[in-house]
Amino acid sequence: FYAPVSDDTLRKAGAEILIEIIVFSILSAILTYEYVVSKKSENAREQAQLARLRALEEKVNELADKHDSISGLELGAMALPIGRVASLYSWLKGPAAAPNAEQPGEEPAPDMHQRMLSKGLKIG
C-alpha cells in the first residue's frame, strides 16, 4: 500500500509531533493559569463591591433610623418617608441574597405603608 519510509524520516516526524504536543501543553497550561488568575481577581473585585454596597446600605438604614427617632423636626420639602435599603443587594443577586428585602412589585411593609399615608403620599 505505502512505500517504505526510512527510519530517519520517521524519527524527524515523531520529534516534530512530540515538540508540537509539548508546546501545545505548555500554552494550554499558561492559558488556564491566566484564566484562573483573572477569575479570582474578578471575584475579589465583585466581593469588594458587594461589601461596599452592604456598608452603604447599613449607613443609609442607620441614617433612616436616626431620622425616624428625631421627633418634632420638620425637614420641609425633604420630609419624605425613608425606607430600608436592602433591595439593592437583592436586585443584584436575586431574592435569596436578601431574604427580608422587599421585592420589586411587592407591597411596602406595613410600617412603611402607614408612614407614606401619613405624609399624604399615594401608594400605587
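The values are calculated or read from the model by the stated rules, or taken from the named source; none is laboratory data. Treat the numbers as computed from the prediction; the structure is a model and nothing was measured. All Cβ positions, glycine included, derive from the backbone under ideal geometry; neighbour counts span all protein chains shown. SASA here: full protein model, heavy atoms, side chains in, ligands and nucleic acids out. Shrake-Rupley method; radii C 1.70, N 1.55, O 1.52, S 1.80 Å.
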Subset of the range 1-13 [charged (D, E, K, R) and exposed (fewer than 10 other Cβ atoms within 10 Å of the Cβ)]
ASP7, ASP8
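Residue-by-condition table, conditions (1) among the small types (Gly, Ala, Ser); (2) at pLDDT 95 or above; (3) open to solvent by 80 Å² or more (accessible area, probe 1.4 Å):
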| site | (1), (2), (3) |
| --- | --- |
| ALA15 | yes, yes, no |
| PHE24 | no, yes, yes |
| ALA29 | yes, yes, no |
| TYR33 | no, yes, yes |
| LEU50 | no, no, no |
| GLU74 | no, no, yes |
| TYR89 | no, no, no |
